[in-house]
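The values are calculated or read from the model by the stated rules, or taken from the named source; none is laboratory data. In this text the structure is predicted, and so the values were computed from the model without any measurement. Here Cβ is always computed from backbone atoms with ideal geometry, including for glycine, and neighbour counts include all displayed protein chains. Only protein heavy atoms, including side chains, enter the accessible area calculation; ligands, DNA and RNA are left aside. Shrake-Rupley method; radii C 1.70, N 1.55, O 1.52, S 1.80 Å.
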Amino acid sequence: MPLTFAIGDLHGRFDLLEAALAAIEARAPGGTIVFLGDYVDCGPQSRQVIERLMAGPSAGWQWICLMGNHEAMLVELMKFPENGMSRFLANGGRATLASYGAAAWDPDAPLPIPAAHIAWLSALPLMHVDLHRVYVHAAVDRWRPLHRQREQTLLWDLYPDDDEGGHGDFHVVHGHHQVPVGPVLKKYRTNLDTFAWRSGRLVVGVFNDQRPGGPEELVICSAA
């Protein structure tokens, strides 16, 4: 039975990433892991999270790392530092800089993030689609074809609480909307953002690639 495991917003929680990977590999000998974006900011170890994801999976596994709005802000900052710094800092960016060894932002110093990390972040896809599901960071506009989705929607939009989600026959799997007591399981969408960087609680959704709908299992990971 082929499985896809989906991991929501990590925000610098390398400890939770390692716990999730250990739990997943104990659950199955192989499969697909989709990371739903927001690897940086807020938590203490953004650099370590990026380095681990860049290193890639062990044999038998496929990793798909999607872009989140925080990665988009960081990439934009590197392109236009004079325009994006205040927004970056206001959204947890100080923790990211600290993870790269910059305890405080020096406007006269170059940002300490390696070019290879920015290149990797810049190349992240916005969406992953398989037979039954659409995986995305934030949301999908059900009225627009998947190939014509707006970046704003995919990275930034929030579903209303009463929105059941979906896109045609596809179930939507996303993060971005922080619900500490989540995940939120709707008829046609699953929100896996459990505010993990602060709550210390990360929930992995386990999806059967041969069956439509939401997760067949939830794996709860917590800090050691």
Exercise. Residues in segment 201-220: is at least one under 16 Å from the mean Cα position of the chain (by Cα) and part of a loop (DSSP other than H, G, I, E, B)?
Worked result: no
Exercise. G101 is checked against (1) farther than 25 Å from T153 by Cβ; (2) open to solvent by less than 50 Å² (accessible area, probe 1.4 Å) and fails just one. What number does that condition carry?
Worked result: (2)
For this session: Could you tell me whether any residue of segment 113-136 is within 30 Å of D209 (Cα to Cα), assigned to a helix (DSSP H, G or I) and touching a residue at least 60 places away in the same chain (Cβ under 8 Å)?
Result: yes
Seminar exercise, completed: Counting only residues in segment 173-199 that are in a strand (DSSP E or B) and hydrophobic (A, V, I, L, M, F, W, C), the one surrounded by the most Cβ atoms within 10 Å (Cβ to Cβ) is identified as V173
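Those residues that are surrounded by 15 or more Cβ atoms within 10 Å (Cβ to Cβ) and more than 14 Å from the chain's Cα centre (by Cα), I need them from segment 29-51; list them, please.
Across segment 29-51, the qualifying residues are G31, T32, P44, Q45, R47, Q48, E51.
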For this session: Under 9 Å between Cβ atoms, at least 6 apart or on separate chains: pull out the pairs that start in segment 99-111 with a residue that is closer than 14 Å to S46 by Cα and end on any residue that is loosely packed, with under 10 Cβ neighbours inside 10 Å.
Result: A102/A109
Problem set entry | Close pairs from segment 34-49: first on the phi > 0 side of the Ramachandran plot, partner open to solvent by 10 Å² or more (accessible area, probe 1.4 Å) and small (G, A, S), Cβ under 8 Å, at least 6 apart | D41/G92; D41/A95; C42/G92; C42/A95
Seminar exercise, completed: When W143 is run through (1) open to solvent by 30 Å² or more (accessible area, probe 1.4 Å); (2) farther than 20 Å from G213 by Cα; (3) modelled with pLDDT of 95 or more, the failure sits at (2)
Problem set entry | Residue tally, condition part of a strand (DSSP E or B), out of contact with any helix residue (DSSP H, G or I) (no Cβ under 9 Å at 6 or more places or on another chain) and either open to solvent by 20 Å² or more (accessible area, probe 1.4 Å) or within 18 Å of D38 (Cα to Cα) (or both), over segment 155-172 | 1
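Given the structure, is N69 of a type in the set (S, T, N, Q), under 20 Å from T153 (Cα atoms) and touching a helix residue (DSSP H, G or I) at 6+ places or on another chain (Cβ under 6 Å)?
Yes: the conditions hold for N69.
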